[in-house]
Amino acid sequence: MEHATYIKAGITAFCAAMATILGWRGILALVWVAAMVLDYLSGTCAALKNGNWSSQTARQGLWHKAGMVLAVLVAALADLGLNVAVSELDLGFVWPGAVLPIVLLWYTLTELGSVLENVVVMGAPVPSWLTKALKVGLTAIDSKQGTGKETEEAERNGD
């Protein structure tokens, strides 16, 4: 039992540090990590329920998640670099650090949509408005920030 207490304390300290260091961006990052964990667990449960769980598919899911972590790190570094460049070059405006939060929100909504798909596979009903709300959020982000091709590709790949 003492070992579990140390693990809980470590997780709590990490979450507090993230929120303290990054502010609301840290909280958004923690929400994204929670969504990733829920997606992986719900996907595992759905596969087990249907009797088609495989370690190869599970590994592919973990590689997919690792890729997302790298993309989020790229977004964070882009924000940092832009912030330094705008500050040092005295361009007359302040960079708000918009890349990381947008990427985190996009990934979070994508992960939550995947969780809902897994929930349906597990046999639970999902309100259609909830699925639509997530899709509206993704569409809004894509229409403001990009072409939407990333979302369409993710949906085709079952992400």
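Given 0.36 nm per residue, what is the gain on full extension from residue 17 to residue 121 after removing their alpha carbon distance, in nm?
33.8 nm
The largest-to-smallest principal axis extents of the Cα set in the stretch 9-159 are 59, 40, 28 Å. Set the Förster distance to 25 Å, then compute FRET efficiency between residue 69 and residue 41 from the Cβ-Cβ distance, nearest 0.05. That gives a FRET efficiency of 0.90. Simple spin-label estimate for residue 53 and residue 4 gives 2.0 nm between the two label positions (7 Å along the Cα-to-Cβ direction from each Cα).
At the residue level, residue 88 shows approximately 140 square angstrom of accessible surface with a 1.4 angstrom probe and all protein chains present. Under a model in which nothing but the beta-carbon of Lys, Arg (+1) and Asp, Glu (-1) is charged, the chain shows a dipole of about 380 debye around its Cα centre. Per residue, the solvent-accessible area of the chain (1.4 Å probe, heavy atoms of protein chains only, all protein chains present) comes to 66 Å². Computed over protein heavy atoms with a 1.4 Å probe, the carbon and sulfur contribution to the accessible area of the chain reaches 69%.
The values are calculated or read from the model by the stated rules, or taken from the named source; none is laboratory data. Because the structure is a prediction, the values reported are computed rather than measured. When we count neighbours, we look across all protein chains shown, and the Cβ atoms used for this are built from the backbone with ideal geometry, even at glycine. Note: accessible area is taken over every heavy atom of the protein model, side chains too, but ligands, DNA and RNA are not part of it. Shrake-Rupley method; radii C 1.70, N 1.55, O 1.52, S 1.80 Å.
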